[in-house]
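Everything on this sheet refers to the single structure shown next.
The values are calculated or read from the model by the stated rules, or taken from the named source; none is laboratory data. Values in this document were obtained by computation on a predicted structure and should not be read as measured data. All Cβ positions, even for glycine, are placed from backbone atoms using ideal geometry, and neighbour counts span all protein chains on display. Please note that ligands, DNA and RNA were not included when accessible areas were found on the heavy atoms of the full protein model with its side chains. Shrake-Rupley method; radii C 1.70, N 1.55, O 1.52, S 1.80 Å.
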Protein chains: 2
Amino acid sequence: MRLLVVGAALGLAACASEPPVREAPVEARSAQAREGETSTPAPLEKPEWTLLVHGGAGALSSGSLSAEREAAAMAGLDAAMEAGAAVLREGGLALDAVEAAVRVLEDDESFNAGRGAVLTLAGKAELDAMIMDGRDRNAGAVAQLRFTKNPISAARLVMEQTPHVMFAGIHADALAAHSGLDMREEDYFVTEQRLDSLQRVLDQLEEAKNTGTVGAVAMDREGNLAAATSTGGMMAKMPGRVGDAPIVGAGGYADNASCAVSSTGHGEYYIRTSFARMVCARVAEGMSAEAATQATLKEIADLGGDGGAIVISHDGSVSLAFNSAGMYRGQIDARGVKETKVYPD
Amino acid sequence: MRLLVVGAALGLAACASEPPVREAPVEARSAQAREGETSTPAPLEKPEWTLLVHGGAGALSSGSLSAEREAAAMAGLDAAMEAGAAVLREGGLALDAVEAAVRVLEDDESFNAGRGAVLTLAGKAELDAMIMDGRDRNAGAVAQLRFTKNPISAARLVMEQTPHVMFAGIHADALAAHSGLDMREEDYFVTEQRLDSLQRVLDQLEEAKNTGTVGAVAMDREGNLAAATSTGGMMAKMPGRVGDAPIVGAGGYADNASCAVSSTGHGEYYIRTSFARMVCARVAEGMSAEAATQATLKEIADLGGDGGAIVISHDGSVSLAFNSAGMYRGQIDARGVKETKVYPD
């Protein structure tokens, strides 16, 4: 039942509309930013807590989004950041924060996860997700959910309530339902916009795009790291296809000794390189979050893929890097940094 | 159709009963071994080709196997080695060799893969497999197959015939069937011995054991590396559970620039550490196959898990290491080395 209580609390947090309580120490606010403004944190200063979110690195051409759709996505990222930050401000766990943030993105049809996921060739949503706790490298993952409203909470349930790490298919939905998670009919996940996109792909009017994934990584006040990733996968994927999002070490990784990673992009390349695990391996060797992420994105590019990732190192350094045209992303921390972006700086 | 032709050719190779053609150069045969005899290859000499196989690192107590069962398993390893070696002797690909070897182990009910797989709590077999080609790090994986006779060939089909890396569930079986792979009724996979074992677990007469997995790694004459892993997973697993075997980077990895790995053991720990990818990362940093494997097994042990792995480095060095009581394993190479073992040296 613990999960349900957490879920309910997070739901409230996500819906809260009051402005965020600024708890950053006064001396840390030199770079305090207004929403949408780029802020540069003082170097080498480790914030008390940090949360990064992403909403996918898709095949966006610069300026190709309508102003309306871009604004909706930015508002969604903002709500997700606030949901996660509410947990961290109160001294809560990084693990709870990333779950809270991802639940908001799953519920927001702007993003390819939960409601509004892209559709398989058969016109259905098949949802994948993983979550990982950097304290002990415990992890949970689910693939091919069709009825569970918040796949990220099903992944957490696998981690905490079963002896296993990963479940796929109808048994994963059954486990979620049996444990009291919110379930939905298949129609809930399917939006008009995604049906239109699928039809354009089926009519060969456009190529199937990698519309990415959502994810969050966080460091809490105790220095714990956590990562969460959730997706509907690739538009027009073959039914049964599993991408990188639920693959621990590919779509995400968290280890207090190195870093937390959530990745997005052409998932097959992320699986073939064990992307998220390699970012953390490079951080463990002494690389910064940015250098480790760029080195591992180069592996992806060398194989012919693209995408991006959000990363927090154990030393508090962060990366929000991508080699695609854009990536929905946001950063919020205890110093008052708060920004959302989609195109390169 | 190419896969079918390959499959048929491999089937013949596996059934061939004539003694292996010794193609190792005369000067390399100083350590030529008779079957079952331990042989020590000359140090630093890289054989023209090498194949390692494993049949699982289970909860074996030393001497706990009946002589009859141990002999049957050793004969199975031997047949698998010969099937793979037949490919390599002819100058064939490492990729073809590991598929050939694993198909033999899947067909042999001594091992927990294909026919004779362990059973879920529901009394069914759910089969996972992955294959990876070190030439380009292309990979294929399948999870929860219930009807496909040789899951490893389904994994190869995913790699070669789809734009994706991984499929799970009934759609994976459908893909295999549609492509002409051999299909079986569910009863084919279920053996009396596994039903008895499941019943003893359900009656709580014994603990659910990790009876391991099968796998093969090979280096061919061109220096190409490949890895293949196939399993029924854990005895009495919850239906829907996916273990490490089909997770690229956990149950296996292959990259000509570093190494080829197939692992076996308590899969959840292998997923949480991205075991196979980390062995290759350590080899890329300059560690020997043995040092890299031991360092990564220590990560597994530190988390509380056990198991083992077979590894071939790009420099030709090998490891067949485990921290469990035993691991069915075999080594064959162009110098005439040929041995099978289960307990520690």
A:ALA100 vs. criteria crowded, with 24+ Cβ neighbours inside 10 Å, within 10 Å of another protein chain (Cβ to nearest Cβ) and under 15 Å from the mean Cα position of the chain (by Cα): no
Per the list (1) facing chain A (nearest Cβ under 10 Å); (2) aliphatic (A, V, I, L, M); (3) surrounded by fewer than 24 Cβ atoms within 10 Å (Cβ to Cβ); (4) outside any loop (DSSP other than H, G, I, E, B), residue check on B:ALA301 breaks on (1)
Are any of the residues in the range B:188-203 touching a helix residue (DSSP H, G or I) at 6+ places or on another chain (Cβ under 7 Å), of a type outside the set (Asp, Glu), away from every other protein chain (no Cβ under 13 Å) and open to solvent by less than 50 Å² (accessible area, probe 1.4 Å)? no
Checked against (1) farther than 29 Å from A:HIS164 by Cα; (2) buried (at least 24 other Cβ atoms within 10 Å of the Cβ); (3) within 14 Å of chain A (Cβ to nearest Cβ), B:LEU127 satisfies every condition except (1)
Members of the range B:304-322 found to be buried (at least 18 other Cβ atoms within 10 Å of the Cβ) and without any contact (Cβ under 8 Å) to a residue 40 or more places away in the chain, listed by number: B:SER317, B:SER319, B:ALA321
Confirm whether B:GLY223 is touching an Asp or Glu at 6+ places or on another chain (Cβ under 9 Å) and small (Gly, Ala, Ser). no
Within 14 Å of another protein chain (Cβ to nearest Cβ) and open to solvent by less than 20 Å² (accessible area, probe 1.4 Å) - does that describe any residue in the range A:173-180? yes
Check the range B:215-234 and report whether any residue there is free of Cβ contacts under 8 Å to residues at least 60 places away in the same chain, outside any strand (DSSP E or B) and within 14 Å of another protein chain (Cβ to nearest Cβ). no
Identify all residues within the range A:60-78 that are at pLDDT 85 or above and either open to solvent by less than 30 Å² (accessible area, probe 1.4 Å) or of a type in the set (Asp, Glu) (or both); write none if there are none. A:GLU68, A:GLU70, A:ALA73, A:GLY76, A:LEU77, A:ASP78
Every residue in the range B:143-155 that is in contact with a strand residue (DSSP E or B) (Cβ under 7 Å, 6 or more places away or on another chain) and away from every other protein chain (no Cβ under 13 Å), please. B:PHE147, B:LYS149, B:PRO151, B:ILE152
Quick check on this structure: which one of A:GLY134, A:GLY91, A:GLY140 is more than 14 Å from chain B (Cβ to nearest Cβ) and either crowded, with 24+ Cβ neighbours inside 10 Å or closer than 22 Å to A:PRO47 by Cβ (or both)? A:GLY91
